[in-house]
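Asker: My questions will all concern the structure given below.
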Amino acid sequence: MRYSRSAFTLVELMVASVVFTIGFIGAYLLVESGNSLAVKAKNDIVAASVLREQYELVKNLRDSDWIQLRNWDSIEPYKVTDPRYPIDSRTRLESGYYVIESNFDLLKPLRISRLPDTWSPTSATIVTDMSSVAPVVRLCLDSHGRYVHACPAGARRLPYASYFRVEPLSTTDAAGVIPVADAWKFTFSFVSVERGYRLYEVSAILSDWKQ
C-alpha cells in the first residue's frame, strides 16, 4: 500500500496546529489568571487602606468634637476661634449615607457630606456615578497623590468609590428592640469596578465614650 506524502504532511500540520493552539491558550489563561490575581491583590490593599482611613476620620471627628466641648456626633468640624465657622452652623449626624475625606486644612480638617435621601448604593448607581461629569462617591487621585471625592481639575479618576452609612444602634431582649443612646453604627464601603464589580465593607460602632 502506498501513502500520499502530501496527505501525511497535512495531518502533521493539523496536529502541530492543535498542539500549538492548546499551548497558546494555556499560556494565555495562565497570564490572564495572574493579571486578575494581581489586580485583586492591589484592590484588596487599596480597599483596606481607604476603609481604615474612613474609620479613622470619623473617629477623629468624634474626638475633636470632645476636645472642643461640642456634641460628640457633630459634623463639619472647625476651630473655635475661627469666625468663618460659627457654632450654630454645626449639624449633627443623622441616619443616611455620607462621604468623608481629609480636607488638608488646619481650620477645617475634614470634609463630610451627607448624600441625598434618594441615593442608594446599588451597583447601577455606583457604575453611573463612575461615568458622571460630577461624581459623588467616585475617588480620584489629586496632584499630591491623595484620594479625594472632589476630583479637581487635573485629578486622575480611579475605578474606585467609597461611602459610609450611619444608622442608629439598637439591641434586643425579650421586650423587643431597645435603642442604644449616644451611639451610632457605621458601615464603611469601598467599591472597585476594575475587572468586575467588587464590594468591600466593614462595620464599626462609635459612641460618646467620654460619658
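The values are calculated or read from the model by the stated rules, or taken from the named source; none is laboratory data. Because the structure is a prediction, the values reported are computed rather than measured. A quick note on method: Cβ atoms are made from the backbone with ideal geometry, for glycine too, and the neighbour counts reach across all protein chains shown.
Asker: Output the number of residues of the stretch 149-202 satisfying the condition of being farther than 14 Å from Val46 by Cα and touching a Cys at 6+ places or on another chain (Cβ under 8 Å).
Answerer: 7
Asker: Checking the condition of a type in the set (A, V, I, L, M) and in contact with a Leu (Cβ under 6 Å, 6 or more places away or on another chain), which residue from Leu199, Leu158 passes?
Answerer: Numbers: Leu199 fails: in contact with a Leu (Cβ under 6 Å, 6 or more places away or on another chain).
Leu158 is the lone residue from the list that is of a type in the set (A, V, I, L, M) and in contact with a Leu (Cβ under 6 Å, 6 or more places away or on another chain).
Asker: Does Ser132 satisfy the condition of being over 21 Å from Leu169 (Cα atoms) and at pLDDT 85 or above? Lay out the reasoning, then the answer.
Answerer: Numbers: over 21 Å from Leu169 (Cα atoms): yes; at pLDDT 85 or above: yes.
Against the criterion (over 21 Å from Leu169 (Cα atoms) and at pLDDT 85 or above), Ser132 qualifies.
Asker: Have a look at Asp117, Asp129, Asp182 and point out the one that is outside any strand (DSSP E or B), closer than 25 Å to Leu206 by Cα and of a type outside the set (Lys, Arg).
Answerer: Numbers: Asp129 fails: closer than 25 Å to Leu206 by Cα; Asp182 fails: outside any strand (DSSP E or B).
The conditions single out Asp117.
Asker: Residues of the stretch 138-160 being hydrophobic (A, V, I, L, M, F, W, C) and out of contact with any helix residue (DSSP H, G or I) (no Cβ under 8 Å at 6 or more places or on another chain), which ones?
Answerer: Looking only at the stretch 138-160, we keep the residues that are hydrophobic (A, V, I, L, M, F, W, C), and these are 139-141, 148, 150-151, 153, 155, 158.
Once the filter is applied, which keeps residues that are hydrophobic (A, V, I, L, M, F, W, C) and out of contact with any helix residue (DSSP H, G or I) (no Cβ under 8 Å at 6 or more places or on another chain), the stretch 138-160 yields Cys140, Leu141, Val148, Ala150, Cys151, Ala153, Ala155, Leu158.
Asker: Right, another one. For the stretch 104-138, which positions are loosely packed, with under 15 Cβ neighbours inside 10 Å and touching a residue at least 60 places away in the same chain (Cβ under 8 Å)?
Answerer: Within the stretch 104-138, Ser123, Val127 meet the criteria.
Asker: Checking the conditions here, which among Ile75, Ile45, Ile67, Ile25 is at pLDDT 75 or above, more than 20 Å from Arg138 (Cα to Cα) and β-branched (Val, Ile, Thr)? Let's see the steps before the verdict.
Answerer: Working: Ile45 fails: more than 20 Å from Arg138 (Cα to Cα); Ile67 fails: at pLDDT 75 or above; Ile25 fails: at pLDDT 75 or above.
Criteria check complete, one pass: Ile75.
Asker: Taking Arg198, is it without any contact (Cβ under 8 Å) to a residue 40 or more places away in the chain and touching a strand residue (DSSP E or B) at 6+ places or on another chain (Cβ under 6 Å)?
Answerer: Details: without any contact (Cβ under 8 Å) to a residue 40 or more places away in the chain: no; touching a strand residue (DSSP E or B) at 6+ places or on another chain (Cβ under 6 Å): yes.
Against the criterion (without any contact (Cβ under 8 Å) to a residue 40 or more places away in the chain and touching a strand residue (DSSP E or B) at 6+ places or on another chain (Cβ under 6 Å)), Arg198 does not qualify.
Asker: Identify, by number, the condition in (1) over 15 Å from the mean Cα position of the chain (by Cα); (2) assigned to a strand (DSSP E or B) that Leu199 doesn't meet.
Answerer: Failing condition for Leu199: (1).
Asker: If you don't mind, there's one more thing I want to ask. Might you check whether a residue that is assigned to a strand (DSSP E or B), among the charged types (D, E, K, R) and under 11 Å from the mean Cα position of the chain (by Cα) occurs anywhere in the stretch 157-167?
Answerer: Step one: list which residues in the stretch 157-167 are assigned to a strand (DSSP E or B), which gives 157-167.
Going one step further and asking which of them are among the charged types (D, E, K, R), we end up with 157, 165, 167.
Then drop every residue that is not under 11 Å from the mean Cα position of the chain (by Cα), which leaves none.
Checked the stretch 157-167: no residue is assigned to a strand (DSSP E or B), among the charged types (D, E, K, R) and under 11 Å from the mean Cα position of the chain (by Cα).
Asker: Starting from residues that are over 20 Å from Thr122 (Cα atoms) and acidic (Asp, Glu), keep the ones in the stretch 157-211 and report whichever is surrounded by the fewest Cβ atoms within 10 Å (Cβ to Cβ).
Answerer: Asp173
Asker: Provide a single number: the residues in the stretch 92-114 that are on the phi < 0 side of the Ramachandran plot and not in a strand (DSSP E or B).
Answerer: Restricting attention to the stretch 92-114, the residues satisfying the condition of being on the phi < 0 side of the Ramachandran plot are 92-95, 97-103, 105-114.
Now narrow it down to the ones that are not in a strand (DSSP E or B): 93-95, 103, 105-109.
So the answer is 9.
Asker: Moving on to the next point. Going by the structure shown, is Glu167 closer than 29 Å to Ser36 by Cα, modelled with pLDDT of 90 or more and not basic (Lys, Arg)? It would help to see each step written out before you state the result.
Answerer: Working: closer than 29 Å to Ser36 by Cα: no; modelled with pLDDT of 90 or more: yes; not basic (Lys, Arg): yes.
Considered against the rule, which asks whether it is closer than 29 Å to Ser36 by Cα, modelled with pLDDT of 90 or more and not basic (Lys, Arg), Glu167 comes out as no.
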